[in-house]
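**Student:** Got a structure here, written out as structure tokens. Questions coming.
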Amino acid sequence: MLVVEDLRVSFPNRDGGRTEAVRGVSFRLGRERLGIVGESGSGKSQTGRAILGLTAPEGRVTAQRLAFNGVDLLGCTPRQRRELRGGRIAMVLQDPKFSLNPVMTIGDQIVETLRAHTRIAGRAAKASAIAALESVQIDDPERMYALYPHEVSGGMGQRAMIAMMLIAEPDLLIADEPTSALDVTVQLQVLAVLDALVEERGMGLIFVSHDLRLVSTFCDRILVMYAGRMVEELEASRLADATHPYTRGLMNCLPRLGEDRHPLPTLDRRPEWAQ
């Protein structure tokens with residue numbers, strides 16, 4: 001479905017040169033759940049934004065190949081990009097408070113997304129939006145449809161964002177830390193929604209997170225990033241067999257039940273990891 005070969009994303013710096021935020025990332029994605037993990041600044045989000053074409057204007061994106069179902073994402077026209085974005089590739093951002101329009105009802109925003117990609121009448125669009133809210137396990141979707149973003153909790157807002165991104169039935173969903181702003185109970189509910197939708201719709205999912213343990217239990221494969229580059233790729237079930245010292249270091253920093261680990265170990269970064 002998605003082919004990424006030698007993806008690089010760079011931004012201008014104060015010295016007049018350019019700093020690479022993503023350096024030579026390569027992977028392939030089928031109809032599966034792929035986790036991308038790493039600490040803040042490792043290039044996880046910039047990788048997802050480059051795939052969707054949301055890199056900041058001053059950024060530069062290059063790749064030997066960046067293709068979605070045979071479509072060259074770097075060579076396609078702006079119109080093709082608009083048709084793909086939201087229609088066949090969608091992205092759920094980290095915090096719904098910054099992603100939802102505060103002066104539009106949740107229902108109106110979902111309908112706006114749907115009508116941007118399909119020709120559908122107003123009454124039918126509303127019915128589809130309510131069905132989308134119901135699909136993400138919102139108990140009273142008709143009431144939710146009429147609410148403004150500030151009137152719902154963070155977990156409900158995140159579910160509304162997922163419903164909005166899935167209303168056009170995309171083939172690929174990029175979830176950029178969709179649970180980091182939520183409490184543990186709501187995290188599990190949102191993950192259950194994503195898991196069910198991937199299974200039912202056969203979507204591909206890129207799950208971006210800094211939580212190695214969470215990704216290891218939810219995803220099929222894991223890519224580990226450090227300083228803009230991919231340092232390790234492995235099956236999620238084989239996380240305990242990770243060989244790169246950065247991955248091992250991340251795992252060693254996790255608390256463990258039944259063990260006195262105070263203070264927790266800190267990660268000893270090595271310069272060669274960034275090479």
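**Student:** Quickly run through the stretch 152-166 and pick out the residues that are in contact with an Asp or Glu (Cβ under 9 Å, 6 or more places away or on another chain) and at pLDDT below 85.
**Tutor:** Gly154, Gly155, Gln158
**Student:** Looking only at the stretch 158-177, decide whether some residue is of a type in the set (Gly, Ala, Ser), touching a strand residue (DSSP E or B) at 6+ places or on another chain (Cβ under 9 Å) and buried (at least 21 other Cβ atoms within 10 Å of the Cβ). Write out each step before concluding.
**Tutor:** Looking only at the stretch 158-177, we keep the residues that are of a type in the set (Gly, Ala, Ser), and these are 160, 163, 168, 175.
Next, only the ones that are touching a strand residue (DSSP E or B) at 6+ places or on another chain (Cβ under 9 Å) stay: 168, 175.
Adding the requirement that they be buried (at least 21 other Cβ atoms within 10 Å of the Cβ) leaves 175.
For the stretch 158-177, residues of a type in the set (Gly, Ala, Ser), touching a strand residue (DSSP E or B) at 6+ places or on another chain (Cβ under 9 Å) and buried (at least 21 other Cβ atoms within 10 Å of the Cβ): present.
**Student:** I would also like to ask the following. For residues that are surrounded by 13 or more Cβ atoms within 10 Å (Cβ to Cβ) and of a type in the set (S, T, N, Q), tally how many sit in the stretch 70-84.
**Tutor:** Final tally of qualifying residues: 1.
**Student:** Only one residue in Ala116, Ala90, Ala127 is closer than 17 Å to Leu166 by Cβ, outside any helix (DSSP H, G or I) and of a type in the set (A, V, I, L, M, F, W, C), so which one is that?
**Tutor:** Details: Ala116 fails: outside any helix (DSSP H, G or I); Ala127 fails: outside any helix (DSSP H, G or I).
Within the list Ala116, Ala90, Ala127, the selection yields Ala90.
**Student:** Kindly indicate whether Gly107 is surrounded by 14 or more Cβ atoms within 10 Å (Cβ to Cβ), in contact with a helix residue (DSSP H, G or I) (Cβ under 7 Å, 6 or more places away or on another chain) and at pLDDT below 90.
**Tutor:** Working: surrounded by 14 or more Cβ atoms within 10 Å (Cβ to Cβ): yes; in contact with a helix residue (DSSP H, G or I) (Cβ under 7 Å, 6 or more places away or on another chain): yes; at pLDDT below 90: no.
Taking the combined requirement at face value, the residue does not satisfy it.
**Student:** Right, here's the next one. Here is a check on your reading of the model: is Pro96 surrounded by fewer than 21 Cβ atoms within 10 Å (Cβ to Cβ) and either among the aromatic types (Phe, Trp, Tyr) or under 24 Å from Ser45 (Cβ atoms) (or both)? Write out each step before concluding.
**Tutor:** Details: surrounded by fewer than 21 Cβ atoms within 10 Å (Cβ to Cβ): no; either among the aromatic types (Phe, Trp, Tyr) or under 24 Å from Ser45 (Cβ atoms) (or both): yes.
Here the answer is no, as Pro96 does not meet what is asked.
**Student:** Give me the residue from the stretch 257-272 that is surrounded by fewer than 10 Cβ atoms within 10 Å (Cβ to Cβ) and either in contact with a Phe, Trp or Tyr (Cβ under 6 Å, 6 or more places away or on another chain) or not acidic (Asp, Glu) (or both) and, out of that set, farthest from Leu212 (Cα to Cα).
**Tutor:** Pro271
**Student:** In the stretch 13-20, is there at least one residue being hydroxyl-bearing (Ser, Thr, Tyr), under 14 Å from Arg65 (Cβ atoms) and surrounded by fewer than 19 Cβ atoms within 10 Å (Cβ to Cβ)? Walk me through it before giving the result.
**Tutor:** Residues of the stretch 13-20 hydroxyl-bearing (Ser, Thr, Tyr): 19.
Subsequent filtering for residues that are under 14 Å from Arg65 (Cβ atoms) retains none.
The answer is no; no qualifying residue exists.
The values are calculated or read from the model by the stated rules, or taken from the named source; none is laboratory data. On a predicted model such as this, the values are computed, not experimentally measured, just so you know. All Cβ positions, glycine included, derive from the backbone under ideal geometry; neighbour counts span all protein chains shown.
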